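Take a look at the structure set out below.
All of the numbers you see were taken from the coordinates with simple rules; none came from a lab. Since the model is a prediction, treat every value here as computed from it, not as a measurement. For neighbour counting, all protein chains shown are included, and Cβ atoms are generated from backbone atoms with ideal geometry for every residue, glycine included.
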Amino acid sequence: MAGVHFDFSNLKANIQLNIGIADRLDENRVESFTILFCDFSKLSEDIITNSLEEVLRSSDSIITHEGYYFFVLPYTDKYGANIVKKMFEEFFDISVASEVISYPVDGEAPQELLTALQSKINQTHHYDMECLDS
């Protein structure tokens, strides 16, 4: 299976790990990694599993919470993350509610990034994302 699954309780730690790797290896400090949020809550688990195998790389992180999927995509900018989103939409043959944020453009610490993501999701989709507060 492509991508590595992490428990939602490890979301901040996963982001911190990716920040550390980016700081160590990415001298340009451009969009070192991107977090892609997707709402897959209306899809069956089987089709989601098949899409993950088809779309994601083995270096990508998968974190889920109640039908919401958070993908941490190393060495991927927002443009690349939107390509991943389009690949999911083609696989599902439906539009997927999503948002993207990148390190360090949208924040330089895990909570800054999650706050930026929460704000974008709330503004665009009006989802209650209190789960990102803790």
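Could you give the longest part of the chain that holds none of the trypsin sites (Lys or Arg not before Pro) found in DSSP loops with at most 13 neighbouring Cβ atoms within 10 Å? Intermediate results must be reported in sequence, preceding the final value.
Values: sites that count: Arg29, Lys42, Arg57.
Of all site-free stretches, the longest is 58-134.
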Between region 87-101 and region 1-68, how far is it from one alpha carbon centroid to the other, in angstrom?
14 Å
Quick check on the exposure proxy: order Thr115, Thr124, Thr34 from fewest to most C-beta atoms within 10 angstrom.
Thr124, Thr115, Thr34
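Filter the GluC sites (Glu not before Pro) in region 38-134 to those in DSSP coil with at most 15 other Cβ atoms within 10 Å of their Cβ, and list the result.
Working: sites: Glu45, Glu53, Glu54, Glu66, Glu89, Glu90, Glu99, Glu108, Glu112, Glu130; in loops: Glu66, Glu108.
Counting only loop positions with at most 15 other Cβ atoms within 10 Å, the GluC sites (Glu not before Pro) in region 38-134 are Glu66, Glu108.
Kirkwood Rh over Cα pairs of the chain into Stokes-Einstein at 4 °C, 1.567 mPa s: D in µm²/s? Kindly include the intermediate steps, with their values, before the conclusion.
Values: Rh = 14.8 Å.
Roughly 88 µm²/s, to the nearest whole number.
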Please list, in order along region 110-124, the HN-Hα scalar couplings obtained from phi with the Karplus expression 6.51 cos²θ - 1.76 cosθ + 1.60 (θ = phi - 60°), rounded to whole Hz, x for Gly and Pro.
x, 5, 4, 5, 5, 5, 4, 5, 4, 5, 5, 5, 5, 5, 7
From phi via Karplus (6.51, -1.76, 1.60), per-residue ³J(HN,Hα) for region 3-10 in Hz, x at Gly/Pro
x, 10, 7, 10, 5, 4, 5, 9
Along region 97-104, Karplus-curve 3J(HN,Hα) (6.51, -1.76, 1.60; θ = phi - 60°) to the nearest Hz, with x for Gly and Pro, reads 5, 7, 8, 9, 9, 10, 9, x
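Would you work out the charge dipole size for region 1-100 about its Cα centre, treating the Cβ of every Lys and Arg as +1 and the Cβ of every Asp and Glu as -1, and quote it to the nearest 20 debye?
Details: 8 positive and 17 negative charges, 59 e Å.
It comes to approximately 280 debye.
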Mind checking the log10 I(q)/I(0) for region 2-74 at q = 0.13, 0.21 Å⁻¹? Debye, one equal scatterer per Cα, no solvent, two decimals.
-0.39, -0.91
